[in-house]
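Notes follow the structure.
Nothing in this text is a laboratory measurement; each read-out follows from the coordinates by a stated rule. Everything numeric here is computed off the predicted structure, so don't read it as measured data. All Cβ positions, glycine included, derive from the backbone under ideal geometry; neighbour counts span all protein chains shown.
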Amino acid sequence: MTSPTERGRRAAIVGTGLIGGSIGMALRRAGWWVTGSDLDPSRAAQALACGAVDEVGADPQAEVTFIAAPVGAIAGAARAALAAGPGVVTDVGGVKERILSEVGDPRFIGGHPMAGSEQEGVEGADPDMFVGAAWVLTPTSQTDMEAYALVHSIVSALGADVVAVEPARHDALVAVVSHVPHLTAAALMTLAASEAEQHATVLRLAAGGFRDMTRIAAGHPGIWPDICVDNSRAIVSVLDSLLDSLGALRSAVADNDRATLLQRLERANVARRNLPGRSAARAEELIEFRVPVPDRQGVLAEVTTLCSQLAVNIEDIETAHSLEGDKGVLVFVVDAGARDRLRDALMQRGYRPSVQPLAPS
C-alpha cells in the first residue's frame, strides 16, 4: 500500500461529497496523499471506498486543506484547520464575503469552483470536473502572497482557470450567474409541476428549451438556504432587476409590441452567443510578468483583481525574493495579447513591471 511519504505532497479534504470527492480524486491522480473527513462518518467511508481519499481522518501535516462543507459550516471548519497545523486552507463555498470576514487569517484563501453536477454525493465525483472550469479565488488585504500562489498553482494543476475577484464583488456576480438562475429554474419547475396537477400532459410536452432552463433545479436543494441567507442582499437586488425585466417583457407581450420584443430577444441572442468559451493558450502565446511589489497588505489582491478586471487570465503565479531590500516580486504568466494593456494599467498604479516571453520548458 502506498504511504504518505511515497506520495510526497499531502492534502486534506473536509467534506467528502460531490465537490470534495472530485477534488480528492483529482489530487490523488496528480500524486497527492489525500486525507478526508466528514460530519457523517459513512460519507467519509464511502469516499475511501470509491478512491476519493487515501485515508479517513485529519492530517495536521497537510500542505493544503480544502473545506467542502456547507456554507454555514465553512468558517468554523476553516478556523479549526488553521489551528491544527501550519498549512494553507481554502474553501469551495458559493458565498465569500462573510466567510472571509469571519475567518480573518492570511493563510485562508477564499475559493469557489464554478463547476458541479446534478448528481449528489461522492458517487457523482469526477476528477475531471474542474478541467476548463472557472475557479474563483478571493484575495483580500490580509492575504499571504505565498499562500495565494500555492492555492493558485494547485487549482491550476487541476485544470481550472483561476479568476481573482474581491469577496464582495464575487458575491454580487454569482448572484447574477448562479444564485438567481437556480432560483428561477426552481420557480419554473414549480410552475410546471403545479400545472401538471391539473393537466397531466404538460410535463410530457417539456421540450429541450424547458429542460435546459430547469436542469439546475435538479441540484442538491440542501445547500441553497444557507447561500440565500448569506447572500440575501445581492440576490434580492438581482431578483428585483429580473422582475423589472420580466415586467417589461410582460408589457410588450400584452401590448403586442413586436418591435420591443424583437429588440430584447435580439440583444439576448447576441449576448448569449458572446459568452466566453473555454480554450487553453499555447505555450508560445504566453508571456511572463515580473512585478516588484512593496511589503504592504493588499498588494496581491490589487494586482490579481486588476488582471480580472482587465479580463486577463493568470496562467501561473508565484512569489520571489527581490534584491531591493524587503520588497518581493510577483511572477505570473498571462496571454501575450494582454501585454500592453496590463503593463500600462500596472504602470498607472505605480508598479514597474518587466515583461518577457515565457521560456520554453
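Given the Cα-Cα distance of Val229 and Val131 and 0.36 nm per residue of separation, how much length would full extension add, in nm?
Stretched out fully, the Val229 to Val131 stretch lengthens by 32.3 nm.
Compute the Cα gyration tensor for the chain, then decide on rounded, prolate or oblate, letting a ≥ b ≥ c be the square roots of its eigenvalues: rounded whenever a/c is under 1.5, prolate when a/b is larger than b/c in the other cases, and oblate in all that remain.
oblate
Report the equivalent ellipsoid semi-axes for the stretch 283-357 in whole Å, largest first, defined as the square roots of five times the eigenvalues of the gyration tensor built from alpha carbon atoms.
On the way: eigenvalues 74, 37, 24 Å².
Result for the stretch 283-357: semi-axes of 19, 14, 11 Å.
Relative to the Cα centre, what is the charge dipole magnitude of the chain, using +1 at the beta carbon of each Lys and Arg, -1 at the beta carbon of each Asp and Glu, and rounding to the nearest 20 debye? Display every interim value, and only then the final one.
Working: 31 positive and 44 negative charges, 139 e Å.
Dipole magnitude for the chain comes out near 660 debye.
State to the nearest 20 debye the size of the charge dipole of the stretch 283-357 about its Cα centre, where the only charges are +1 on K and R beta carbons and -1 on D and E beta carbons.
Numbers: 8 positive and 13 negative charges, 73 e Å.
The calculated dipole for the stretch 283-357 is roughly 360 debye.
Modelling each spin label as a point 7 Å along the Cα-to-Cβ direction, I'd like the Leu191/Val176 distance in nm, to one decimal.
Using points 7 Å along Cα→Cβ, the separation is 2.3 nm.
Say the dipole of the chain comes from +1 at the beta carbon of Lys and Arg and -1 at that of Asp and Glu; which of Pro60, Val180, Val293 then lies farthest toward its positive end?
Val180
What are the DSSP H helices in the chain that stretch 30 Å or more along their long axis, judged by alpha-carbon atoms, and whose average Kyte-Doolittle hydropathy comes to at least 0.5?
Flagged H segments are 232-254.
Explain nothing, just the number: dipole magnitude of the stretch 7-165 about its Cα centre with +1 on each Lys and Arg Cβ and -1 on each Asp and Glu Cβ, in debye rounded to the nearest 20.
Dipole about the Cα centre, nearest 20: 280 debye.
If the chain between Glu146 and Leu205 were fully stretched, how many nm would it gain, using 0.36 nm times the residue separation less the Cα-Cα distance?
Answer, rounded to one decimal: 15.8 nm.
Once you order the gyration tensor axes a ≥ b ≥ c over the Cα atoms, which shape class does the stretch 7-165 get: rounded for a/c under 1.5, otherwise prolate or oblate by comparing a/b with b/c?
Because its axes are fairly even, with a/c under 1.5, the stretch 7-165 counts as rounded.
Relative contact order for the stretch 101-173: what percent, with Cα pairs under 8 Å and sequence separation of 6 or more?
This gives 37 percent for the stretch 101-173.
May I ask you to compute the full-extension gain from Leu239 to Ala268, defined as 0.36 nm times their residue separation minus their alpha-carbon distance, rounded to one decimal in nm?
Between Leu239 and Ala268, full extension yields an extra 8.7 nm.
Using a Gaussian network model on the chain with a 10 Å cutoff between Cα atoms, which of Leu342, Leu239, Leu310 fluctuates the most?
Evaluated over the chain, the most mobile residue of the options is Leu310.
Using modelled amide H (1.01 Å from N, peptide plane; none on Pro or chain starts), what sits under 5 Å from the amide H of Val162, excluding residues fewer than 5 places away?
Distant-sequence amide H within range of Val162: Trp135.
What is the spin-label model distance, in nm, from Arg258 to Ala73 if the labels are put 7 Å beyond Cα along the C-beta direction?
Inter-label distance under the simple model: 5.8 nm.
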